[in-house]
Amino acid sequence: MTAYKPYKNFAPSDYIRDELDARGWTQKDLADVLGVAPKTISAVMRNKQSITADMALLLSKAFGESAEYWMNLEAAYRSRLLAVGHANTDVERRALIYQHMPVGELRHRDWLRQSRNMSDLVKDADEFWGPGGFQPQLLDVAAAPLFRKSTRCTTYRKAFALAWLHMARQCAAKVAVGAYDRHAVELLTKNLSTLTVRADGVSEFVRLLAQAGVKFVMLAPLRETHLDGACFMDGTNPVVAYTGRYGTVDHFWFTIAHELAHILDHLDAGEPVLFDLEEPTSGIEEHADRGALASLRIPDILTRFAKSDRYMRRQDVLECARTLNVSPAIVVGVLQHYKKLPYRSLADLKPSVLPLIPASADLEASAAPFGEQRGCTCR
């Protein structure tokens, strides 16, 4: 059967123009209504900028159609551009790849091939994403329910975070653990603070986590993602992914405690993926923070120093750590976070955690699609 193609490939901008005409609005009016810069609307109307998930949501509020309606118009328009063999198809496709993937960084980390041949880029992006290849419209749709943008992280790239998540899933697939044991995770969470004082506490934690049927992977973040960690399901097993973004012992334990709270309270409730950003962005994140605070005895630390206005001495920190049976790094980190101690003070009590994480958790080199080109490590 002959597949008929429309004489004109209608873009979302054509439909937006109809909506503006019906309302007697100008592009400047639309920019004011949506709360975006006029140049953003101009780029959309000239088909120079794709309709993102955020823009689709704004348009749905302004014009009454659903966000999915605008995303589908965008996907159909881009698909027809590819189908008709437009002269600029390759350029547009490469532009979309750069928009959704930090190409230079991915090449450096062997997630994409070390090649300057632009035709290789399209093939490599398809290979990276696996079955179905690189489909930017699906990435934009997938990003909408998974991310809650931080008010502080103005450069946060949702698409880059999805690329990171995809690689974290590839790493997790290489980890073998037994059946998930919720009770064991509850017990581990309850005793987490005691692990922080052990010299082998980090490696012992990873061992106990695997024993509970939870996978642990270490994967450095991509630029502009501001990710500390994430948790998600790999089949029937939860996965904790740690980025090492700050890399100190206190930051590791707080991130871990946060992810354990997510596993127990949210993954089991059906949440697909939970990203740990540098500040809470939803009720779910705040709830996980409260769980982390309790498991690391942070309320007790704050109570101990609540009435102290003087400069915190090393002796004060070490005594608190001994009394509460937690790592001095956690005490220092808490006091710094709550502005009771300058960030440069007692830095020697917050050593790097990266050398303490078992090498078996760093699977980036073996999971990277083009990792055979040369050795690669996230540390």
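The values are calculated or read from the model by the stated rules, or taken from the named source; none is laboratory data. The structure displayed is predicted, hence computed values, not measured ones. Here Cβ is always computed from backbone atoms with ideal geometry, including for glycine, and neighbour counts include all displayed protein chains.
List of remarks:
- Of the residues making up the stretch 59-83, those that are modelled with pLDDT under 90 and under 11 Å from Glu19 (Cβ atoms) are Gly64, Glu65.
- Restricting attention to the stretch 336-359, the residues that are in a helix (DSSP H, G or I) and either of a type in the set (Asp, Glu) or exposed (fewer than 12 other Cβ atoms within 10 Å of the Cβ) (or both) add up to 3.
- Qualifying strands (runs of 3 or more DSSP E) (wholly inside the stretch 160-246; at least 2 residues being surrounded by fewer than 23 Cβ atoms within 10 Å (Cβ to Cβ)): 227-234
- Flag if Asp140 is modelled with pLDDT under 85, surrounded by 21 or more Cβ atoms within 10 Å (Cβ to Cβ) and closer than 22 Å to Pro221 by Cα: yes
- Within the stretch 41-53, the residues that satisfy the criterion of being in a helix (DSSP H, G or I) and crowded, with 16+ Cβ neighbours inside 10 Å are Ile41, Val44, Met45, Ala53.
- Candidates in the stretch 10-22 are the residues that are over 35 Å from the mean Cα position of the chain (by Cα) and not charged (D, E, K, R); of these, the one that is modelled with the lowest pLDDT is Ala22.
- Where a residue in the stretch 334-354 is over 13 Å from Gly247 (Cα atoms) and its partner, wherever it lies, is among the basic types (Lys, Arg), with Cβ under 7 Å and at least six apart: Leu346/Arg314
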